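So the structure is just underneath, and the comments pick up after that.
The values are calculated or read from the model by the stated rules, or taken from the named source; none is laboratory data. Please read these numbers as outputs of a predicted model, since none were measured by experiment. Cβ coordinates were reconstructed from backbone atoms using ideal geometry, including for glycine residues, and neighbour counts include every protein chain displayed. Only protein heavy atoms, including side chains, enter the accessible area calculation; ligands, DNA and RNA are left aside. Shrake-Rupley method; radii C 1.70, N 1.55, O 1.52, S 1.80 Å.
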Amino acid sequence: MRLAVVVLLIWIGAALCAPWLVEAPNRVELKTLLAGPMPGAPLGTDALGRPVHERLLIGARVSLLVGFGVVAFAAALGTLLGLAAGLLGGWVDRLVVRMIDLFLAFPGILLAIALAGLLGPGVDNLVIALGMVGWVGYARLARAQALTLAEREHVLAARALGCGTWRILWRHLLPLALAPLLVEATFGIAAAIVAEAGLSFLGLGIQPPDASWGSMLRDGVSYLLVAPHLVIAPGVALFAVTLAVNLLGDWLRDRLDVRARSQGVM
Amino acid sequence: MSAPLLEVEGLSTTIGAARVVDGVRLELARGETFALLGESGCGKSMTALSLMRLLPPAGRIEAGAVRLDGVDLLRLSEAEMRRVRGARLAMIFQEPQTSLNPVMRIGAQIAEAVRLHAGAAAAVDARVLELLRAVGIPDPERRAREYPHQLSGGMKQRVMIAMALAGDPELLIADEPTTALDVTIQAQVLGLLKTLQQQSGLAVLLITHDLGVVAETAERLAVMYAGEIVETATTAAFFAAPAHPYSRMLLESLPTADKRGARLAAIPGRVPPLDRAFTGCRFVERCPRALARCVEQLPPWHEAGAGHWVRCHLWDADLVDTATVAEPAVAEGEQVPVGEDAAPLLEVADLKVHFPIHRGVLRRVVGQVRAVDGVSLRLRPGRTLALVGESGCGKTTAGKALLQLIAPTAGSIRYQGHELAGLSHRRMRRFRKDLQIIFQDPHASMNPRMLVGDVIGEGLQALGLARTRPERLRRAAELLELVGMPGAAVERYPHEFSGGQRQRICIARALAVDPRVIVCDEPTSALDVSVQAQILNLLKDLQARLGLSYLFITHDLSVVAYLAHEVAVMYLGRVVEQGRVEEVLERPRHPYTRALLSAVPVADPRAERRTLRLEGDMPSPSAPPPGCHFHPRCPEARPECALAYPEGRAVSATHRVHCILVEAEG
């Protein structure tokens, strides 16, 4: 647990402080193409001789923004729509379900490409585009949760006591529906970072020569056999961050469960 | 008596640190029905699973011997044990719903059991049909090709019994076989077990919490408490004179008609945790007549009569007269003659709740489930109206529709002259203060993430009756005292309390807004008998103190007899008979009411009863039979019954029956 927090703090710290830590992540140095670790570039250099460690640091900014931005946007939108659909039923539910079906029937990445193309390149538009695709999963999960929870008698009891819809949504549905949504969200962060790479490849996300972990991975794949460090460095970074976020999600879920807490199960 | 079929000696089973079965000793003769009686958590199911060697992964049999015909089952290898299971020792479970494989045809599931034990492949199909016929399933050729979801609960339990019989066992262990079933279906299944037993000389180990079922089916019984057997006797001797204080209190806590003005004997406290070693009697903390030595010394077995053994110090020869001292007489609660003639507080007229059935892409309505189909009720101030019926009759839906928790399709609900039907959630809010509800399952009816104080204070907050949290918590603590719980409980979470305590919290929550009417939706059916008695006492006290009116929804006629003033019997969405409780229960006029009453097992083996057994199941409310809904099952049905639904006929000023066989008076 402590390790996960340390990894996340390093990641966030790197993302915030990157501009002061790096010298020239985009400077092309043709004398040291695909070089291994060496003084000045402890993680080696890429196909244009740029130092991998500096690009990794500056790329953390983008991955942080995209990872958290997309998940926050998608989870908030999806949870709200899903819970409301499950609780209210009727035409609200039918509308949301149709929208979910529509989004699911359409290949997600294609839709994101279309949206990003429409909105124009840039990290902010990328977040919006990926979020608009990502909410579906949360909405489906939240709706299923709301449907089972709304059957529970404590929701009926709250209704009988005169609680309004918002109050029921906020106090009786959301806290109980949160656990699976949190798990989904922790996976979502990693998926968003990778999806960003795909969109950046098409020129819709981060613009070259700027670095993101996704674009570094993608570029590195071409040189996998001659210079594996190009993939290993961002790959390990992505792996560590994803694992840390997942662990944090598990811990948070246990913390939120009052039953587990009082029994001292952590 | 010949050598016993099953002999259990010193059986001890642990699950983790808890010793759930401790030194159990029993004997079962061939062809005998032996009941293992106890409340939830007493270890009776674990005893059964230990006999089958089917314990959950954490369970371990620590000591003892289980001899079936002299062979110790605990010493067999797993392969040998597999040959015993099903062939000599079979088991059926409480929940037929989950005991059958939902994606396999009934016939195939039974054939699987037959093949395991018979071998000869050719005769399998014939044997399956024979078994289905033996358990009384009509049209077995067709049923064998059906899937479990096409069968009713009673039918599924019959299929389970057929599977258990496939290997021709000598002993059938039935773990609460009828608890999940309605009383009329329960009567069918118990009758079936009895017939099978007479035909094949099968011995039955019946595990149950229901004293009535024991009285009707078993020849001998053992009472379990906290993992050990505390009393064993013949059924007749036990019900004539239960020897252990626990057994006595259990019998006294049963609600019946003759306990009406009185309080029920409730057993205080709860079963002790089983993860510690006991130095004295396990019941001592809850026993009203505990002696000093009960705490220090394990009670030995004493003989209370021929074949009647009890584990209690009070039966020590030196002390025998104290043992026969009668229980302190229960205080007679004064009968408050309230509301007999008062204007009704709540008046329901022709209430209907239909659920549309949607089909296809366009979700067209192809039919209606008529859950409630024209119910009229009157609830007077300070009175209890019981709404009785079997599962699926629409009683719960009616209760929820009354509070507008489900929108009624038609009909009127007038509360003090105000029409409630069709009010939006917002406009209904001003009536929420007066109309409250208590649910069946005290686990599901509280938000597990909220403190007890916030649970109780929720209504105060939502209706703006107490704006600040300290104020709400203070009020919640007062309410907890009112329902017999410590006020300090406001700082704790619901899961820290037992079922009975949670139900008290739910009652406190309903009382918080100072209601006048409470809909009690099966508030005690998830609780043990002794805890049920506590809750019924509490409800009765509260009614006397606060002048509450209850709409008491239940399937349990003994609770009705004890608690209600008026009763309405529902069948398939309609009220078939209603009137004052003594009229309906003592002089029932509708054939369904009579059948329902006669199907309830009575905890008195001497009671001579003529059982009116109903055949078949309740039809689906989406396609009710034409005419009187009950006529396909009615033993007195006539051709004209199928023509039209009978009008209500007044038998007396307060007693109305919907049956053409009843002559109206006056």
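Sort A:Lys31, B:Lys433 by accessible area with a 1.4 Å probe, largest first.
Values: A:Lys31 180, B:Lys433 70 Å².
These residues rank, largest area first, as A:Lys31, B:Lys433.
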Checking the cross-link filter: which lysines have an alpha carbon closer than 19 Å to that of B:Lys259, excluding same-chain neighbours under 8 positions apart?
B:Lys540
With a point put 7 Å past each Cα toward its Cβ, work out how far B:Glu303 is from B:Asp125 in nm, to one decimal.
5.9 nm
With all protein chains in place and a 1.4 Å probe, A:Val194 shows an accessible area in Å² (nearest 10) of 80 Å²
Furthest towards positive pole of dipole, B:Ile438, B:Ser200, B:Val584, structure part chain B, Cβ charges:
B:Ile438
Determine the dipole magnitude for the protein assembly as shown: charges of +1 sit on the beta-carbon of Lys and Arg, -1 on that of Asp and Glu, nothing else is charged, the reference point is the Cα centre, and the result goes in debye to the nearest 20.
2360 debye
HN-Hα couplings for the range B:497-507 via Karplus (6.51, -1.76, 1.60; θ = phi - 60°), in whole Hz with x for Gly/Pro, come out as 10, 7, x, x, 5, 5, 5, 4, 4, 4, 5
Starting with the highest mean, order B:457-467, B:243-253 by the number of other Cβ atoms within 10 Å, averaged over the residues of each peptide.
B:243-253, B:457-467
Please average, across the residues of B:459-465, the number of beta carbons from any other chain that are within 10 Å of each residue's own beta carbon, and give a whole number.
4
Burial order of peptide ranges A:121-130, B:498-507 (average beta-carbon count within 10 Å, highest first)
B:498-507, A:121-130
Where the accessible area of chain B is counted over protein heavy atoms with a 1.4 Å probe, how much of it, in %, is carbon and sulfur?
51 percent
Go through B:Asp521, B:Asp316 and list them by solvent-accessible area, largest first, probe radius 1.4 Å.
B:Asp316, B:Asp521
Out of residues 5 or more away from B:Gln368 or on other chains, whose amide H comes under 5 Å of its own, with H placed 1.01 Å from N in the peptide plane?
B:Ile357
With a sphere of radius 10 Å drawn around the Cβ of B:Ala187, what net charge do the other residues whose Cβ falls strictly inside it have (Lys, Arg +1; Asp, Glu -1)?
-1
Under a crude label model (7 Å from the Cα following the beta-carbon direction), how far is B:Val71 from B:Thr468 in nanometres?
7.6 nm
Residue-averaged [θ]222 nm for the protein assembly as shown, counting only DSSP H segments that reach four residues, each worth -39500 (n - 2.57):
-13500 deg cm²/dmol
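Estimate the FRET efficiency between B:Ala644 and B:Asp139 by the formula 1/(1 + (r/R0)^6), using the beta-carbon distance for r and 35 Å for R0, to the nearest 0.05. All intermediate terms of the calculation are to be shown ahead of the outcome.
Numbers: r = 29 Å, r/R0 = 0.84.
Between B:Ala644 and B:Asp139 the formula returns 0.75.
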Candidate lysines - alpha carbon under 24 Å from B:Lys194, same-chain residues fewer than 8 apart omitted:
B:Lys44, B:Lys156
Förster-model FRET efficiency, 60 Å R0, B:Arg427 and A:Leu30, C-beta, rounded to 0.05
0.20
Once you have a ≥ b ≥ c as the square roots of the Cα gyration tensor eigenvalues for the range B:242-315, tell me rounded if a/c is under 1.5, and otherwise prolate or oblate according to whether a/b is larger than b/c.
oblate
Put a dot 7 Å past each Cα toward the Cβ at B:Gln368 and B:His149; how far apart are the dots in nm?
2.6 nm
From the phi of every residue in the range A:157-165, what ³J(HN,Hα) in whole Hz does the Karplus formula 6.51 cos²θ - 1.76 cosθ + 1.60 yield, where θ is phi - 60° and glycine or proline is x?
4, 4, 4, 5, 7, x, 6, x, 4
So what does B:Trp309 come to for accessible area, using a 1.4 Å probe and Å² rounded to 10?
100 Å²
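Would chain B count as rounded, prolate or oblate if I go by the C-alpha gyration tensor, calling it rounded below 1.5 in a/c and otherwise prolate when a/b exceeds b/c, oblate otherwise? Mind dumping the intermediate values first?
Details: a/c = 1.69, a/b = 1.21, b/c = 1.40.
Oblate shape, in that a/c is at least 1.5 and b/c is the bigger or equal ratio.
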Whose amide H sits under 5 Å from the amide H of B:Ala304, counting only residues 5 or more places off or on another chain, with H placed in the peptide plane?
B:Trp309, B:Val310
Among A:Ala139, A:Asn125, A:Cys163, which residue has its Cα positioned farthest towards the positive end of the charge dipole of the range A:103-203, with +1 placed on the Cβ of Lys and Arg, -1 on the Cβ of Asp and Glu, and the dipole taken about the Cα centre?
A:Cys163
Give the long-range amide H neighbours of B:Leu387: residues separated by 5 or more places, or on another chain, with amide H under 5 Å away, using H modelled in the peptide plane at 1.01 Å from N.
B:Phe552, B:Ile553, B:Thr554, B:Ala568
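How large is the dipole of the range B:479-632 about the Cα centre if only Lys and Arg carry +1 and Asp and Glu carry -1, each at its Cβ, rounded to the nearest 20 debye? Before the final figure, lay out each step's value.
Working: 16 positive and 18 negative charges, 48 e Å.
Dipole of the range B:479-632, to the nearest 20 debye: 240 debye.
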For A:Arg98, placing the label point 7 angstrom along Cα-to-beta-carbon and taking the range B:340-378, residues whose amide nitrogen sits under 18 Å are B:358-365
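Mind ordering B:561-567, B:631-637 by average Cβ neighbours within 10 Å, highest first? Don't skip to the end; give the middle numbers.
Details: B:561-567: 23.7, B:631-637: 16.4.
Taking the mean over residues of other Cβ atoms within 10 Å, the ranking is B:561-567, B:631-637.
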If you place +1 on the Cβ of every Lys and Arg, -1 on the Cβ of every Asp and Glu, and leave all else neutral, what size is the dipole of the range B:242-315 about its Cα centre, to the nearest 20 Debye?
220 debye
Phi angles of the range B:576-593, converted by Karplus (6.51 cos²θ - 1.76 cosθ + 1.60, θ = phi - 60°) into ³J(HN,Hα) in whole Hz with x for Gly and Pro, give 9, 7, 8, x, 5, 4, 5, 5, 6, 7, 8, 10, x, 10, 7, x, 5, 4
Just checking the output field for B:440-447: average partner chain Cβ neighbours within 10 Å of each residue's Cβ?
5
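Got a sec? What order do B:Thr98, B:Thr468, A:Thr242 fall in by accessible area at 1.4 Å, biggest, i.e. largest, first? List each step's numbers first, then the result.
Numbers: B:Thr98 110, B:Thr468 70, A:Thr242 30 Å².
Descending accessible area places them as B:Thr98, B:Thr468, A:Thr242.
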Shielding score for B:385-396, defined as the mean number of other chain Cβ atoms within 10 Å
0
